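Below is one structure, written out as C-alpha cells, with a few remarks after it.
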Amino acid sequence: MKDFQNFNKRALLCLFITMLVFNLNAHNNEPPCETHFYHALSPACDLCGCSTSSGSFGFGTLSNANFVGLRYIYQNFESKDGIFSDSPISKETFNTYQLWAQLPINESFYVSLNVPYQDLSRKRVNANTENLNGIGDASAIGWYKLNFYKKESDSLTFNTERLPSGHSIQFGLGVKLPSGKFEEALTESVNPGFQVGTGSFDGVLSVGYNYGSNKFGLNTLMTYYVKGENKNNYQFGNQFSYSANFFTAISKDTYNIMPFFGLSGDVYDKIKQYDETLADTDGNILNATLGSELALEKFIFGINYTLPISQNLFGGNVESKNRFSLYVNFAL
C-alpha cells in the first residue's frame, strides 16, 4: 500500500508540473485537425534496456502528432530467491520519467528521441530497501513512413490531390546509448534487470502497420533489439517486442478522445557473460492493455494500464505484477 501511495504521488506531481508549464502557451494554440487521429503510431522503445523492461510500451501516440513531452511509467515486479515455495521474495518498483519527442524531418521521415530518468527500489524480506536512481539509457530512432492513397477514379477530374486511404507502414532504425550506469554486482541477484542502464550500445529495428478512419483504427508494431556487450563483458539477451492496439475516436470541435485496448508482449533471449550463456535468464510475457488518449488543442494527454496475461521470466523466478503509464505532450 505504501508503494502504491508513493507511486500515485509521483505520477500526479509529474502530470501537474507538466500541465502547468505547457499551459502558459495554451491560449495561443490552434484547434486540432479533424483528421488528427488518422494515422496511429506506437513505436516501441526499451525503457532501460534490461531484461525485465518492456519494449512494448511504445514511443509514440495514437494521434501520431509530432510532439515534445513527458511520460511517467510505473512497473512492479516480485522476484523469488530460491526454488521452494517459501523462498524469500523481494519486491521491486521501477519508476521511469521520460523526456521524449517526435520531430519531423519531412513528410516521410521523422526522428523519435527518449531520455529517461530511473528511480528504482527493491525491498527484501527482513532487509533494508535498496534504491537506485540516475539517468537511464537514451535512445534515438529514425523513421520512414510510407502512406498509401486511394485509387484514382477513371472519371475526368481536375483535382490532382491524392486522397489518403488510412493505411500506412513505417520502418525504424535506431540506437540505444550506454548513458545509464551499469553495476556488475547487481547481476548476482535473481533479477539482473534491476539496473539504471546496460552500459552497452544496442541496435533497434522496427516495422509497423497502421490503419485509421473517422471512427476507429488499428496500429501494430514489431521491434527487435540487438543487445551489445558492455565493458564488463556482460550482454543482455536480444529482445523481440510486439504490440497491437485497437482504438475508436470521439471527435468534437475542440478535442478528440481515443479510448483503446490491445495486446503487447516481449520475448527475451538468454544473457551472456564472458561469452557463456547464463541459464534461466530468458523469458516471455504477454500483456493486455487498456487506456485512452485526449487531444485538446495542442495538448495530448494519455493514460494506460497493463496487466500480464501469461509470463515466464527467468525460469519463473521473476513475476511482473502490473504496469501503468501516463504522459502529456505538446504537439508541434
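The values are calculated or read from the model by the stated rules, or taken from the named source; none is laboratory data. Every value quoted in this text rests on a predicted model; they were computed, and no experiment measured them. Quick reminder, even Gly has a Cβ in these numbers, built from the backbone with ideal geometry, and neighbours come from all protein chains shown.
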Does ALA244 count as assigned to a strand (DSSP E or B) and either closer than 26 Å to ASN76 by Cβ or touching a Lys or Arg at 6+ places or on another chain (Cβ under 7 Å) (or both)? yes
Subset of the stretch 182-198 that is outside any loop (DSSP other than H, G, I, E, B) and of a type in the set (A, V, I, L, M) - its residue that is farthest from GLU319 (Cα to Cα): ALA185
Where in the stretch 269-332 are there strands (runs of 3 or more DSSP E), lying wholly inside it, with at least 2 residues that are aromatic (Phe, Trp, Tyr) and under 20 Å from THR93 (Cα atoms)? 318-331
Please enumerate the residues belonging to the stretch 286-305 that are surrounded by fewer than 22 Cβ atoms within 10 Å (Cβ to Cβ) and closer than 24 Å to SER79 by Cα. LEU286, ALA288, THR289, TYR305
Among the hydrophobic types (A, V, I, L, M, F, W, C), modelled with pLDDT under 90, crowded, with 20+ Cβ neighbours inside 10 Å and in contact with a Lys or Arg (Cβ under 8 Å, 6 or more places away or on another chain): is that true of PHE77 in this structure? no
Are any residues in the stretch 132-153 assigned to a strand (DSSP E or B) and surrounded by fewer than 15 Cβ atoms within 10 Å (Cβ to Cβ), and if so, which ones? ASN133, GLY134, ILE135, TYR144, LEU146, PHE148, TYR149
Would you confirm whether any residue within the stretch 231-241 is farther than 22 Å from VAL111 by Cα, crowded, with 16+ Cβ neighbours inside 10 Å and touching a Cys at 6+ places or on another chain (Cβ under 8 Å)? yes
Give the residues of the stretch 103-127 that are aromatic (Phe, Trp, Tyr) and crowded, with 17+ Cβ neighbours inside 10 Å, sorted by residue number. TYR110
Residues of the stretch 106-150 satisfying the condition of being more than 23 Å from MET222 (Cα to Cα) and of a type in the set (Val, Ile, Thr): VAL125, THR129, ILE135
Any residue at all in the stretch 211-219 that's part of a strand (DSSP E or B) and under 18 Å from PRO116 (Cβ atoms)? no
Among the residues of the stretch 154-186, write down those that are of a type in the set (Val, Ile, Thr) and either modelled with pLDDT of 90 or more or surrounded by 12 or more Cβ atoms within 10 Å (Cβ to Cβ) (or both). ILE169, VAL175
